[in-house]
1. How would B:20, A:270 line up by accessible area, probe 1.4 Å, largest first?
2. Using a probe of 1.4 angstrom, how much of the accessible area of the stretch F:1-146 is carbon and sulfur, in percent?
3. Could you derive backbone 3J(HN,Hα) for the stretch B:98-110 from the dihedral phi with the Karplus parameters 6.51, -1.76 and 1.60 (θ = phi - 60°), listing whole Hz in sequence and x where the residue is Gly or Pro?
4. If you count, for every residue in A:227-238, the Cβ atoms of partner chains within 10 Å of its Cβ, what is the mean?
5. Sequence-distant or interchain residues sharing an amide H contact under 5 Å with residue B:123, placed H: which?
6. Which whole-number percentage describes the relative contact order of chain A, with Cα contacts under 8 Å and a sequence gap of 6 or more?
7. Roughly how crowded by other chains is peptide F:125-137, in terms of the mean Cβ count from those chains within 10 Å of each of its Cβ atoms?
8. Would you please state which residues of the stretch A:120-155 a label at residue B:40 would reach in this model, taking the label point 7 Å out along Cα→Cβ and a backbone N cut-off of under 12 Å?
Amino acid sequence: MSALSALSSGETKGETFVINVGPQHPATHGVLRLKMTMDGEYITRAEPVCGYIHRMHEKMGENRTWAQFLPNTGRIDYLAAMAYSHAYVGAVERAAGIAAPPRAEYIRVITSELNRISSHLVWFGAFLLDLGGFTPLLYAFDDREKILDILEALTGSRLTYSYYRFGGVCNDVDDDFIRGTREFVAFMRPRMKMYHSLVTDNIILRKRLIGIGVISAEMCRQYGATGPVIRGSGVGYDVRKSEPYSVYRDLDFDVPVYPEGDCMARYLVRMEEMVQSLRIIEQALDKLPAGPVMASGVPRTLKPPAGDCCFAVEAARGRLLVRIVSDNKEMPYRVRLRTPSFCNLSLYEEASQGMMLPDALALLGSLDLVIPDIDR
Amino acid sequence: MKALLKEIGSGFHSLVTGMRITLGQFFKPQVTVHYPHETLKMPVRFRGHIELVRDPQTGKAICFACKACEKACPSDCIIVEGVKREGERRKSVTEFKLDFTKCSLCGSCVEACKSEAIRFSKDYNLASVSKEEFIMDLFKRLESEQPKPPQAQPEQSKEAA
Amino acid sequence: MDHFPAQDLIVGTVFLLCVATTVAGALLAVITTRIVRAVCGLAICCVGIAGLYYFLHSPFLALMEILVYIGAVCVTIIFGIMLAEPDLTYESKRDTTVLWGIVALLAGAAICWGLSRLGLQGPWPAPPAQVSDGSTKAIGVSLLSTYSMAFEAISLVLFVAILGALVIARAGRTKA
Amino acid sequence: MKLLHAYEQADVFLVVAAFLLAVGIYGLIRRRTLIGMLISGEIIFSAASLNFMALNRFHAPDPTVGQVFVLFIMGLAAAEVAIALSIIIAVYRNYHSIKARELADLNG
Amino acid sequence: MISSLQELADQFNKLIAQDVPLPTTPAVPVAAGAQVGTAAPEPASPVQLTDHAAKGFHLDVRLRPERVVAAATLMDENGFAIDAVTGVDWMAEGQMEVVYDFFHPAHAWRVVVRARVPREKPELPTISEIYPGANWHERETHEFFGIVFLGHPNLTPLLLPEDATYHPLRKDFKA
Amino acid sequence: MSIIEPFRLLLFLVGIMAFVGLNAAYLVWVERKGAARFQRRPGPTEVGYGGLLQPIADGIKLLSKQLHVPPGADGVLFRAAPLLVMIPAMIGLAVVPFSESLVARDTNVGLLMIFAFGSINVMAIMLSGWSSRNKYAIISAARIVSQDVAYEIPMLLVVVTMLMATGTMNLNEIVQQQAGWFWRWNIFRLDVNPLMPLTFIIFFVCMLAETNRAPFDMAEAESELVAGAFTEYAGMGFGVFFIAEYANIILGCAFATILFLGGWQSPFGVWSGVFWFLLKMYVLVFTVIWVRWTFPRTQFYNLLNLSWKLLIPISLSTLILTAVVMKVLK
């Protein structure tokens, strides 16, 4: 498309031209920029340019007390804030040798899984929006609203919960929460069937997703891609199974794996994960023990003993690792956040090569990126 | 050939199914709340901006400027000043500044307060054309209010369907 | 009175407009430096010609002119421009030397003058008694009877043209 | 009022057709790019069609024959454009130019 | 392919056997005010199996910066996936630590590889040839710490502005 | 030509313009309200009762904005494209018989007229994309051409099939042939072609593709190309494209109604009139909106595959089938 190459100045060679997808573009859901070198509608190189909302959370961690950094963790991946708090709280508890009481652990699991469903619902809607279907987005947001209502009543906030504490959670759940969650679980199951017959079976969607954007398991390993991305490539890697934290060991759930590695596989993994999350929530509600929700004897100003340790959780987008280094002071010496979207995006340049523009955007959507999660 | 026909058949069926589902939704009642004509009741734990709590006996602020909230705040958006007056057991607050432009609504301050002198307001209709309006002195705000309102926040909302 | 008062005037003016459109479009097509505008000139010229055909009692061909020339030819040319025109529509003036311009102008004028003379003076046979009613039926009948051979040949030519176009256009392509 | 009844005179159509042919040839000589030449060629085709139609209307014994031939011309024009453009694109791919002069090495 | 972490530890031991021993620096600095007792006991061996429940990883390897590529190759051959690359600025000791996290997609194994470079000349080879995923991590570590990964194809800022010359995660950086 | 004819024509022209304008304005409203209902939202409510004045407010907003010509764009073509895009719908509607007598120009080649001028549409959108000097717009223009060319073929084949069945290109005559109960409508004329309902579906799909409506809105594809060929248009320039989109939908649905659904004929053989025509047309328009808010967008090669590998073979075979049936059985 040479008229296009005439439009792009300087950086072109031969038949190719450069288009900017983002930082203000409907497909990038935030301020991600993709510098795409294209040959007609085919992509020869798609270079992600990130950092537009970089906030240096890791430095903030070094300038705050251990407890003061907690609210930050909810603001990295704003769609699945619970998992991030969980990872940080888990790391600090591991470093300081605090154990949360079982009721708190169960509540953490329930809220994390609710949050995972709400995050996947946003992904579902936004992904369909990328593919040009608007209506499923609204249906998904309707369902998500129910989760947010439940979590808001429990934590006081709809997105940035700041709910977990070192040694437990800050509020106990009440009967309304348990009843509301059970109702939601009962409501969501037929809803998933509806999504499958409205969206998954749709021939247009199948044609757009099957065989598109194949990512091999080997590529996932080399880039450290995790979560639904690696599970859609046939590797059943899930932190909840491989390094069981909290009370996931006591709960029975499956890790959905699809070997194809295409957009459809990742789509199906996430859809299946929502069902599994419902299962986890149901079991956790059944098993929810009585007792306190905060461990006793947690000091007001925490000073974990010197040393470093890690805590990994399975966030909605994949493996989230928090590595903390303590020097026995009020403030962390170093907080490292290894976020899943960062690694998942890093393989985009290689995976998108030779794809057509709409397919490449489908691939981008299927990675389920949250931009602050990349930029931190 | 057979596979192709099957694909056409199932594809067509999927399209019809999809259209049937959306038509079904077409006749269902709407789920949105039509703000601002309808508003929702905020849950009890809703974290709005903070406000000072009045002591029901004395009619004055409970806060005695211990500055625990100031210390707990990760964003440094609270400034508390107080004086120790003659004949009083505790200090009394004279200034309680909240820089709401910096506040991240994390709730650490309320948690840090041992005497329950601050709480979350249920006010979510915050909008202004000037930044200065969000640097608010909560103490002055408390003083300027009626001395004994039964509830600081009037329930102006109604439950939506 | 069953005639609209200025009917002759209106019809005559419309005809002259058609002629003007044809001429203006043709001139635009060859004079403008921007190649896309030249295509637009061709399109305008074709609209004018369609109008002329209408005045020649053949609405069918008038519409076919629009369908084929604007809908197919012009669109294809613009598409081709998008694929092949490197410097965004400009024909640089440097290449067109003044000499060539004069030669072209002279050639055009000579042809125009000669043909016009020929056309105006030629011994034409007497016009037919009845004017064709512009029915599509007659065209269809003659297409499939008298000229069926030519019709088949044309369809063959079109078929070969499409195949040839595909082969040539695909030859240099790396991607399928 | 001869001018207002111009549409009933064969001469007018013939002159317009001659003019179109002249313009087409002018363009063919003057244009330097292949697409420009193609456009001029289309105008020449149109001139021929118009001539056919005019003579068909005013002088032909069988009123369909001219129309049929114009239809054939349209078919040929479409075919010509398809072929010509595919050649232009192929040429552009190989030479990165569609200027006629720069393609002079096609001669030998 | 290895079948247990012990095997992996042996392989690492073999890898660093011919090296001169690392200078004995404490794994973590003991802050002036802190009691000595709370500091982590200094690991006896550079290759150490650790308790996952306490640390979050299974194997802790400390090696010389030149050995990083060999270690990454070892991890790659054994099917490990790159988890993260990051740095820690030990300003008091004049050193920077580069921490490589690896996880195994099939087994529940987590390995941490650390290398220390002097703070004045923080340079070590890149592993982005072996793990393309390390490319971004190393870019990030470079912009945040100023650690230079020799041989890296594109060591430009990733998250910071493209003209950033400062390294915010260094301990002496004040915003 | 009677004395009344020019006045009648003028009246119809004004009427059609008003019809198109009103329809475009209120189809936007119907589309927004309809989308809202499908998504269980209220839709526009603030301006007027039920948001009924919303289109007027939008129109005023668009009118009050400047038509900005981007630097480097071809200003003349950039401004001409919105005008050009309105022509086909206007001329097409002039030959549409709304009822037996309610037709602006009852011509013998009405069917061809709609197609001939419909082809201008492609050129107009292409010019708008080309002249904007915007990469998204040019990609969109290239898509539009391939798409419209690909779908014009099955559509023409379907229309030729109908032409064989009806034997006339006069739209009024086509409708008159379908008088009587609704099984006399062309869509149920199984004696002419047993695949007639399928033919109608092909026609409908092609119409969606020709009018660039979802799921074939590749040219606008907002998640890929921002707004495609219309990216650079602001104010009324954009507004005209918007109106033209709805005018083309109206024309397409009116055409489908005439060809397949008996035009102004009533389904019961009595009380036929303009009411039935509008009812059928708006049901089709609603279906177009319904389809848009149900399906995701197709990908480009799927779109071309659908046309070249499915619709064209099927429509060719229905054409041959019709020819055989009509030759053998009649």
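1. Values: B:20 150, A:270 0 Å².
Ranked list, largest accessible area first: B:20, A:270.
2. Details: 4240 of 6000 Å².
Looking at the stretch F:1-146 in its full context, I get 71 percent from C and S.
3. 10, 8, 5, 5, 9, 5, 10, 6, 7, x, 5, 5, 5
4. Details: counts 0, 0, 0, 2, 0, 0, 1, 0, 3, 2, 7, 0.
Mean shielding count: 1.
5. B:49
6. Values: 736 pairs, mean separation 95.1, N = 376.
RCO, chain A: 25 percent.
7. Details: counts 0, 7, 7, 0, 2, 9, 5, 0, 5, 3, 11, 6, 1.
Counting Cβ atoms of other protein chains within 10 Å of each residue's Cβ and averaging gives 4.
8. Once the point is set 7 Å along Cα→Cβ of residue B:40, A:142-154 turn out to lie under 12 Å by backbone N, inside the stretch A:120-155.
The values are calculated or read from the model by the stated rules, or taken from the named source; none is laboratory data. Keep in mind that this is a model prediction, so the values were computed, not measured. Counting neighbours? That spans all protein chains shown, and the Cβs are built from the backbone with ideal geometry, glycine included. In case anyone asks, the SASA skips ligands and DNA or RNA and just uses the protein heavy atoms, side chains included. Shrake-Rupley method; radii C 1.70, N 1.55, O 1.52, S 1.80 Å.
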